[in-house]
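K.L.:
Please see the structure below; I have some questions.
The values are calculated or read from the model by the stated rules, or taken from the named source; none is laboratory data. On a predicted model such as this, the values are computed, not experimentally measured, just so you know. Here the Cβ positions follow ideal geometry from the backbone for every residue, glycine too, while neighbour counts run over all protein chains shown. Just the protein is used for accessible areas: all its heavy atoms, side chains included, with ligands, DNA and RNA removed. Shrake-Rupley method; radii C 1.70, N 1.55, O 1.52, S 1.80 Å.
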Amino acid sequence: MDFSLSEEQEMFRNYVRKYLNDLEQTKIARNYLEGNDVALKSAMDGLAELGCMSLNIEEQYGGMALAALDLVPIYEEIGAVLLPGLLLETLSLVVPLLQKYGTKEQQEKHLPKIAAGQETWTIAWLESNSSYRPAGVQFNAENGLLNGKKILVPDAAIADYTLVVARTTAGREIAGITLIIVPTSELSVQPQLNIDATRKSAALVATAIPYDTTQILGTMDTGWGILQEGLLAFNAALSSTIVGSLDKLVAMVTEYANIREQFGQPIGRFQAIKHRIVDMKMELETARSLSHYANWAYDTHAPDRVEAIASARIYATEAFNKLADHSVQIHGGIGFTEELDCHLFVKRARFYENYLGSTEQYYEQAATALGW
Amino acid sequence: MDFAFSAKEEAFRTELRTWLENNLPQGWLDGTFPLVKDTKDYELFLRQWQNQLYEGGWAAIAWPKKYGGRDATLMEEIVYHQEMVRVNAPALVNYVGIHMVGPTLIHIGTEEQRARYLKKILTGEEVWCQGYSEPNAGSDVAAIQTAAVKDGEQWVINGQKVWTSFGHMADKCFLVTRTAKFEKKHKGITCFLADMHQEGVEVVPIISMDGHHDFNEVYLNDAKATDAEIIGEVDEGWRVIIALLMHERTGIGAQVFTLEQQFNELVDLARQATEDGESLLTKQAVRKSLMDLYMKTRGSLLNYYRNLTKSLKTGQPGAEGSMDKLLVSELTKQLLAQSISIQGHQGLLWKDDAVVGKSYWQDNYLYSFGQTIGGGTSEIQKNTIAERILGLPKDMGR
């Protein structure tokens with residue numbers, strides 16, 4: 001029995017933490033929301049230099065061939081600073097899919113560049129008034145042409161490639177959906193404002209854009225199952241990222257409750273405050289346990305991996321919204337301002353709540369996996 | 001990261017499992033064993049079971065071999081808890097003796113005291129209770145007022161204890177008294193290994209909200225004790241109390257595994273129980289609430305394993321035990337409340353009329369209210385976590 005991260009994993013965490021501390025933590029996100037993409041680019045370059053981008057890529061493509069668990073400390077650290085950008089989507093959605101379903105040509109073309117930090121990816125899934133269900137995918141890719149509109153595509157403006165979830169056989173079923181690799185520059189990018197300005201959404205529009213079979217990830221019409229496999233890796237990673245944010249929130253309120261004085265004493269002495277912080281701590285540690293286990297279950301193909309990963313994701317996203325709310329309340333008036341970071345966490349928590357799948361669907365996915 | 005048990009640990013599991021199959025009373029595993037709580041027969045059955053555990057070498061596995069234990073490792077204790085929960089083994093009547101008093105005697109008792117008490121703890125010949133709480137000293141244990149005064153060769157004890165588990169069955173009491181008044185209330189406390197079968201001790205039952213007799217009041221009117229019955233030093237009993245609490249190496253392992261088992265049973269209940277011919281498990285609201293419990297139950301088990309890993313590495317239990325206790329007791333309450341709630345109107349039926357045999361869910365539900373109070377209330381656990389783990393300031397008045 002050993003339920004802990006290894007010394008090597010913790011050591012890697014420290015390098016990442018130190019680097020992000022040097023960049024003043026949430027300063028990167030604040031710069032990005034003000035339209036300064038350079039700060040993010042330079043932060044990503046630095047992380048790539050540390051080796052973050054190559055961790056889970058096969059050695060022949062310039063990676064270290066490590067596993068999901070090895071990425072956990074990195075994700076916790078980037079979650080703590082609400083790092084913007086597409087690191088998570090690129091490394092824990094696209095890379096596992098390219099490695100498992102990509103052709104040799106696709107792997108040779110993309111994996112070395114991703115490992116070097118020179119290529120980022122986004123995913124285009126949602127459509128106007130659609131859900132994350134198969135019926136919602138109506139973006140047309142029949143006859144070698146892309147036609148349609150995707151919305152809420154994350155950070156499309158900085159993505160070199162977009163994985164487009166498209167319909168190659170008309171209908172509302174699982175069959176007929178295909179994943180297509182498209183250079184983002186071939187699509188029309190129309191920015192959309194979202195509440196979390198540290199993640200920039202856009203609509204992507206295609207009008208008779210041609211593509212060929214070399215751009216298909218996996219096989220034609222079977223993209224849905226492939227996407228679900230990729231989401232297992234993604235949701236395990238997302239839960240770890242959120243754990244990093246939760247950890248930071250608990251640290252922020254604990255520090256504030258120790259220094260902020262009212263009625264002649266630190267407010268952390270009042271049980272109304274200290275017990276609320278303990279509740280936050282409990283949710284943090286439970287989220288952490290579920291997230292560590294989810295990544296372990298993914299790596300080891302554990303029989304309960306679907307429900308383990310769904311649980312980690314649901315628990316983390318729900319805890320994130322609650323804890324971000326508590327952080328505003330405990331900080332009082334100053335927590336309501338743009339000056340402190342609380343609002344950034346509130347907004348990111350909402351961003352992730354229904355990101356690449358809804359909470360409701362993941363509840364149902366886990367229940368079904370449990371045989372209920 | 002590795003969730004496997006070693007070959008040695010699995011061999012230990014097989015040995016215990018085999019012993020249990022051969023030694024549990026007839027009808028225990030299939031649920032036909034007649035068991036009527038709160039009777040003298042029940043007490044005799046529990047004492048007999050304790051003695052069987054002793055004969056088999058399973059009474060106190062964590063104790064050193066030289067005092068009748070097995071020198072069990074932390075992981076073997078975990079396996080022990082898992083197996084005992086799996087068969088829903090009879091209650092350990094000498095829980096206080098095995099898990100608290102015995103280890104404390106081994107740690108800080110005299111060799112004479114060990115010779116006098118330990119074996120009888122193991123065999124169940126002497127059942128122990130603990131005399132901590134008083135009407136005016138609940139969460140604030142150090143506020144105890146029960147007074148012990150030296151009179152010649154003897155100590156004379158007067159006062160009242162309350163919430164004394166096993167008090168009505170107990171032969172001995174780990175009795176906390178005040179022997180002197182200092183400015184700091186933690187000083188001046190003395191712990192006695194007191195005899196319950198004497199004129200000055202009167203035990204009065206308390207009936208809990210589940211209708212059972214688990215607790216007692218204990219009145220001490222000129223009860224007597226000798227110097228030989230003092231554990232630790234006179235006026236320095238607080239240290240003994242702390243030492244005693246530190247002996248729970250595996251924390252609330254048994255409750256964690258019980259919670260896991262109850263969750264699985266609750267899913268079975270939802271699957272089997274029907275409303276208008278439909279399984280409860282097809283109802284959206286039930287699925288959602290069970291998923292919520294699944295996440296939290298898994299989470300608390302995994303938290304426990306993570307804290308256990310830390311204990312294995314450092315060799316001692318940390319303050320995280322308070323987190324396990326808080327989480328598991330609160331979650332147990334939530335789960336058992338749900339078990340009644342999802343049964344709908346039928347959840348009300350009690351005792352022989354309950355839908356599930358022997359009022360299993362109703363009794364456990366009512367019992368669960370005590371879990372967030374006994375052994376330190378949830379509020380006290382939160383103070384501990386806030387102050388010892390998070391580093392928040394201490395409350396006023398402490």
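K.L.:
Could you work out the relative contact order of chain A? I mean the mean sequence separation of Cα pairs under 8 Å and 6+ apart, divided by the number of residues, in percent.
P.N.:
15 percent
K.L.:
Here's something else I'd like to know. Rounded to the nearest whole Å², what accessible area per residue is found for the protein assembly as shown with the 1.4 Å probe?
P.N.:
43 Å²
K.L.:
Straight distance only, please: which lysines reach the Cα of B:Lys181 with their own Cα at less than 16 Å, same-chain residues fewer than 8 apart left out?
P.N.:
B:Lys150
K.L.:
Under the 0.36 nm per residue contour assumption, what length would be gained going from the current alpha-carbon distance of A:Ala157 and A:Met64 to full extension?
P.N.:
Residue separation times 0.36 nm, minus the Cα-Cα distance, leaves 30.6 nm.
K.L.:
Highest mean first, how do A:11-24, A:349-362 rank when packing is the count of other Cβ atoms within 10 Å averaged over residues?
P.N.:
The peptides rank, most packed first, as A:349-362, A:11-24.
K.L.:
Per-residue Cβ counts within 10 Å, from other chains only, averaged over B:1-8: what number is that?
P.N.:
Mean number of neighbouring Cβ atoms from other chains: 4.
K.L.:
For chain A, what is the per residue volume of the convex hull drawn over the alpha-carbon atoms, in cubic angstrom?
P.N.:
142 Å³
K.L.:
Within a 10 angstrom radius of each residue's Cβ in A:246-254, how many Cβ atoms of other chains show up on average? Whole number is fine.
P.N.:
Mean partner shielding for this stretch: 1.
K.L.:
What is the sum of charges around A:Ile181, taking Lys and Arg as +1, Asp and Glu as -1, for the other residues whose C-beta is under 12 Å from the C-beta of A:Ile181?
P.N.:
Its environment carries a net charge of -4.
K.L.:
Return the Cα extents of chain B along principal axes one, two and three, sorted largest first, each rounded to a whole Å.
P.N.:
Projected onto the principal axes, the Cα atoms of chain B cover 76, 50, 47 Å.
K.L.:
Quick one: of the DSSP bridges fully inside region B:49-192, what percent are antiparallel, nearest 5?
P.N.:
Given both bridge residues lie in region B:49-192, the antiparallel proportion sits at roughly 65 percent.
K.L.:
Need one value for B:381-387: mean number of C-beta atoms belonging to other chains within 10 Å of its residues' C-beta atoms.
P.N.:
Taking all residues of B:381-387 together, the mean is 6.
K.L.:
May I ask you to evaluate 6.51 cos²θ - 1.76 cosθ + 1.60, the Karplus curve with θ = phi - 60°, for each residue of region A:94-101 and list the ³J(HN,Hα) values in order in whole Hz, giving x for glycine and proline?
P.N.:
Once rounded to whole Hz, the list reads 6, 4, x, 5, 4, 6, 8, 10.
K.L.:
Which net charge results when you count Lys and Arg as +1 and Asp and Glu as -1 among the other residues whose beta-carbon is under 11 Å from that of B:Gln154?
P.N.:
Overall, the nearby charge balance is -3.
K.L.:
For region B:104-121, what does the Karplus curve 6.51 cos²θ - 1.76 cosθ + 1.60, with θ = phi - 60°, yield as ³J(HN,Hα) per residue in whole Hz, taken in order and with x for Gly and Pro?
P.N.:
Those phi angles translate into 5, 4, 5, 6, 10, x, 8, 5, 5, 5, 4, 5, 6, 10, 4, 4, 5, 5 Hz.
K.L.:
Per-residue ellipticity at 222 nm for chain B, helices alone: DSSP H runs ≥ 4 residues times -39500 (n - 2.57), over residue total, nearest 500 deg cm²/dmol?
P.N.:
-13500 deg cm²/dmol
K.L.:
Given contacts defined as C-alpha pairs under 8 Å and at least six residues apart, what's the relative contact order of chain B, whole-number percent?
P.N.:
11 percent
K.L.:
Whole percent per 10 Å bin, from 0 to the bin with the longest distance: what is P(r) over all C-alpha pairs of the protein assembly as shown?
P.N.:
2, 12, 20, 21, 18, 13, 8, 4, 1, 0, 0
K.L.:
With a 1.4 Å probe and every protein chain kept in, tell me what percent of the accessible surface of region A:121-221 is carbon plus sulfur.
P.N.:
Carbon with sulfur: 57 percent of the solvent-accessible area.
K.L.:
Can you pull the percent of region B:255-389's accessible area that's carbon plus sulfur, 1.4 Å probe, other chains left in place?
P.N.:
51 percent
K.L.:
I want the local charge near A:Tyr161. Using Cβ-Cβ distances under 13 Å, sum +1 for each Lys or Arg and -1 for each Asp or Glu among the other residues.
P.N.:
Value of the local net charge: -3.
K.L.:
Of the DSSP beta bridges with both residues in the protein assembly as shown, give the percent that are antiparallel, rounding to the nearest 5.
P.N.:
In the protein assembly as shown, approximately 80 percent of DSSP beta bridges are antiparallel ones.
K.L.:
In Å² (nearest 100), what accessible area is buried between A and B, both sides summed, heavy protein atoms only, 1.4 Å probe?
P.N.:
4200 Å²
K.L.:
Further, regarding this structure: Going by average Cβ neighbours within 10 Å, how do the peptides B:149-160, B:377-388, B:293-304 rank, with the highest at the top?
P.N.:
B:293-304, B:377-388, B:149-160
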